[in-house]
Amino acid sequence: MTRPPTAAQRRVIDAADPVTGRLRGTEAQLAALVKRGLAFRHPRPPHDHFLTPEGHRVRQGVMEAPAPAAEAPAGAGVFAARVGGEETVPESGPARRREVHSAWQGLLELRRMTNPDGAVDRPCGWERTHLVRAAALALEAAGHRPAGADDGGYRVRETPQPEAVAVHEPDGEALGTCAATLEAAGWQVSEHREPRTGARYLLASPRRA
């Protein structure tokens, strides 16, 4: 389970700008939030710090549910989208939907703040360094069903190709709707078949323009 922020860190998070997520604090406090995945340092001067999607989620008070242990390798943070196929599955229901919605809204704000033109219709730098988590969040936020340990639903996986993830979904119609969702979220998507099994899957990459 991810430790909650300290009282000092929580004060910094709570004092963030409610619209932009811009943070104020000591260098040590900001560095600690970056290390925990709750903030990021803007690459352009004056190099201000802003909340990540996980940080926005903490600020909005939906941190109570722990991140599934099976998703920890995908990246540290207080929230992880369902990638499909986890052995430990978080409970579904209104609380989970609120968490996912909050994380998606935080990601859109992150796009607005970090894309050079403020565009929210294409992925930002954070998503390019967290491909599986970003694609999974887009799918879960749109209401697609992630796979359980051994049943149908989407599964997002890394690939050897740079800036590309694979999306598997045994139901052909559901696979097509996954493609439409990712395209609407700013990803380039193409359909392929497994050489040995012939099973269809998607390759998705963040669109740059």
Amide H contacts under 5 Å for Q188, placed H, 5+ residues apart: S205, R207
Heavy-atom accessible surface of the chain: percent carbon and sulfur, 1.4 Å: 53 percent
Where GluC sites (Glu not before Pro) in DSSP loops with at most 12 other Cβ within 10 Å are excluded, longest remaining stretch of the chain: 92-209
Residues of the chain: accessible area per residue with a 1.4 Å probe, Å²: 51 Å²
Charge context of L110, other residues only, Cβ under 14 angstrom, K/R +1, D/E -1: +3
Positive-end residue of T20, A199, V189, charge dipole of the chain with Cβ unit charges: T20
Cut-off 11 Å between beta-carbons: net charge of the residues surrounding D121, Lys and Arg +1, Asp and Glu -1: +2
Neighbourhood charge, 11 Å Cβ-Cβ cut-off, centred on G148 and excluding it, Lys, Arg +1 and Asp, Glu -1: -1
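The values are calculated or read from the model by the stated rules, or taken from the named source; none is laboratory data. Everything numeric here is computed off the predicted structure, so don't read it as measured data. Neighbour counts run over all protein chains shown; Cβ positions are idealised from the backbone, glycine included. Side chains are part of the model used for accessible areas, which takes the heavy atoms of the whole protein and leaves out ligands, DNA and RNA. Shrake-Rupley method; radii C 1.70, N 1.55, O 1.52, S 1.80 Å.
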